[in-house]
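Colleague: Below you'll find the structure I mean.
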Amino acid sequence: MLEDDFGREVSGVRISLTDRCNFDCVYCHNEGLGDTRGPMDAQDSEMSADDVVRFLEVVEEFGVEKVKFTGGEPMLRQDLEEIIRRTPDSMETSLTTNGTFLPGRAEALKEAGLDRVNVSQDALDREAFAEITKSGAYEKVIEGVHAAVDAGLTPVKLNMVVFKHTAGYVEGMVDHVAENEGLQLQLIQYMPELTGKPEWNIDIGRVHDWLADLADRVETRDMHDRKRYYVGEGMVEIVDPVENETFCANCHRVRVTHEGYLKGCLNRNDDLKSMGEMTKAEIRETFREVVANRVPYYGEYLVQNDSGEYVLNEKYLGVKA
């Protein structure tokens, strides 16, 4: 397994299959690339199924154990089941989706080899959901979650971005997963550095404190040093990368854009590396290079000055990974 200069092994990859999406969520940062979503029709710039599988076959050689397929909305890819079916058997496969296409496809995805699914669900309130996602697909998402549970794509993680628009719905979502078997909740810290609108930010530490008082037990995951809170029959995990050096020091993923660029860090776009024509030799070379040049975003790429503010480390000025 490859590791960077900071001792972080790369055990997982996160592959964006498209930047197309049928939602228009107000907090979307499109996997750190910004609001670049194009037309809904399939694009020539998207990696083909062969490209994706070739990449996975190469990184399997380096001991990569997990792959998460994302978008945009990855289920807009009609060849998604084919890609999952052709993913190396040694890899755990998961999918992040808005859930609208899970009814009717969840069983086929499971049969193709998908292990589990994350579904974006920011509120149990229909009107709030519509305001956040700019869609009227609330019922379809609820149906999709049920379809995923019924198909055995469990645990189904509900992804909820915590910011001004959703903070009032956190308690209801925690109760929801505590009362429903097969569900978990992933509370994702709002990232104003990627999405703008810092006035929407809330103190995620208050959510940690509230859950710590509520939970029956708490554990810490190795990946990103994340906290997990067990409440009743449910589990709530907080993803809190903003100004979190410990989070970055425990990151073990490399990202792949839908156009076939490797990306060592979600927050950076100066580290994009093309895999060229995506021959296996080119993939190997680029993967090695990207891993070797990975840098923790907080605590290394950004460092605190005397005022406690994060500023760019002069060591990386003009340097592209």
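Colleague: For the range 137-185, which positions are assigned to a loop (DSSP other than H, G, I, E, B) and out of contact with any Phe, Trp or Tyr (no Cβ under 9 Å at 6 or more places or on another chain)?
Modeller: Within the range 137-185, Gly152, Leu153, Thr154, Pro155, Asn180, Glu181, Gly182 meet the criteria.
Colleague: Which residue out of Glu73, Glu139 is free of Cβ contacts under 8 Å to residues at least 24 places away in the same chain, among the acidic types (Asp, Glu) and either within 30 Å of Ala281 (Cβ to Cβ) or out of contact with any Pro (no Cβ under 7 Å at 6 or more places or on another chain) (or both)?
Modeller: Within the list Glu73, Glu139, the selection yields Glu139.
Colleague: Follow-up. So Lys280 passes all but one of these: (1) within 26 Å of Arg8 (Cα to Cα); (2) surrounded by 17 or more Cβ atoms within 10 Å (Cβ to Cβ). Which condition number does it fail?
Modeller: That leaves (2) as the condition not met.
Colleague: Of all the residues that make up the range 267-277, how many are surrounded by fewer than 16 Cβ atoms within 10 Å (Cβ to Cβ) and either in contact with a helix residue (DSSP H, G or I) (Cβ under 7 Å, 6 or more places away or on another chain) or more than 24 Å from Pro192 (Cα to Cα) (or both)?
Modeller: Number of matching residues: 3.
Colleague: Taking Ile188 as the residue in question, decide whether it is in a strand (DSSP E or B), β-branched (Val, Ile, Thr) and crowded, with 16+ Cβ neighbours inside 10 Å.
Modeller: The answer is yes for Ile188.
Colleague: Picking from Pro103, Pro88, which residue would you name as being over 20 Å from the mean Cα position of the chain (by Cα) and over 28 Å from Ile188 (Cα atoms)?
Modeller: Of Pro103, Pro88, the one residue that is over 20 Å from the mean Cα position of the chain (by Cα) and over 28 Å from Ile188 (Cα atoms) is Pro88.
Colleague: Which of the residues belonging to the range 219-267 are among the hydrophobic types (A, V, I, L, M, F, W, C) and within 18 Å of Leu2 (Cα to Cα)?
Modeller: Met223, Cys248, Ala249, Cys251, Val254, Val256, Leu262, Cys265, listed by residue number.
Colleague: Looking at the range 286-318 only, could you name the residues that are in a loop (DSSP other than H, G, I, E, B), surrounded by 15 or more Cβ atoms within 10 Å (Cβ to Cβ) and of a type in the set (A, V, I, L, M, F, W, C)?
Modeller: Passing the criteria: only Val295.
Colleague: Also, I was wondering about something else. Scanning the range 125-168 for residues that are under 17 Å from Tyr229 (Cβ atoms) and not basic (Lys, Arg), which turns out surrounded by the fewest Cβ atoms within 10 Å (Cβ to Cβ)?
Modeller: Residue satisfying both the conditions and the ranking: Ala167.
Colleague: Restricting attention to the range 253-265, does a residue exist that is polar (S, T, N, Q) and farther than 28 Å from Asn313 by Cα?
Modeller: Looking through the range 253-265, none of the residues is polar (S, T, N, Q) and farther than 28 Å from Asn313 by Cα.
Colleague: Would you pick out the residues in the range 243-266 that are assigned to a loop (DSSP other than H, G, I, E, B) and touching a helix residue (DSSP H, G or I) at 6+ places or on another chain (Cβ under 7 Å)?
Modeller: Asn250, Cys251, His252, Gly260, Gly264, listed by residue number.
Colleague: Filter the range 203-225 down to the residues that are part of a loop (DSSP other than H, G, I, E, B) and crowded, with 16+ Cβ neighbours inside 10 Å and list them by number.
Modeller: Matches in the range 203-225: Ala215 only.
Colleague: Hey, another quick one. Before we move on, is Glu65 touching a strand residue (DSSP E or B) at 6+ places or on another chain (Cβ under 9 Å), over 16 Å from Val156 (Cα atoms), of a type in the set (D, E, K, R) and at pLDDT below 95?
Modeller: Judged against the criteria, Glu65 is not a match.
The values are calculated or read from the model by the stated rules, or taken from the named source; none is laboratory data. Quick caveat, the model's predicted, so the values are computed rather than measured. Neighbour counts run over all protein chains shown; Cβ positions are idealised from the backbone, glycine included.
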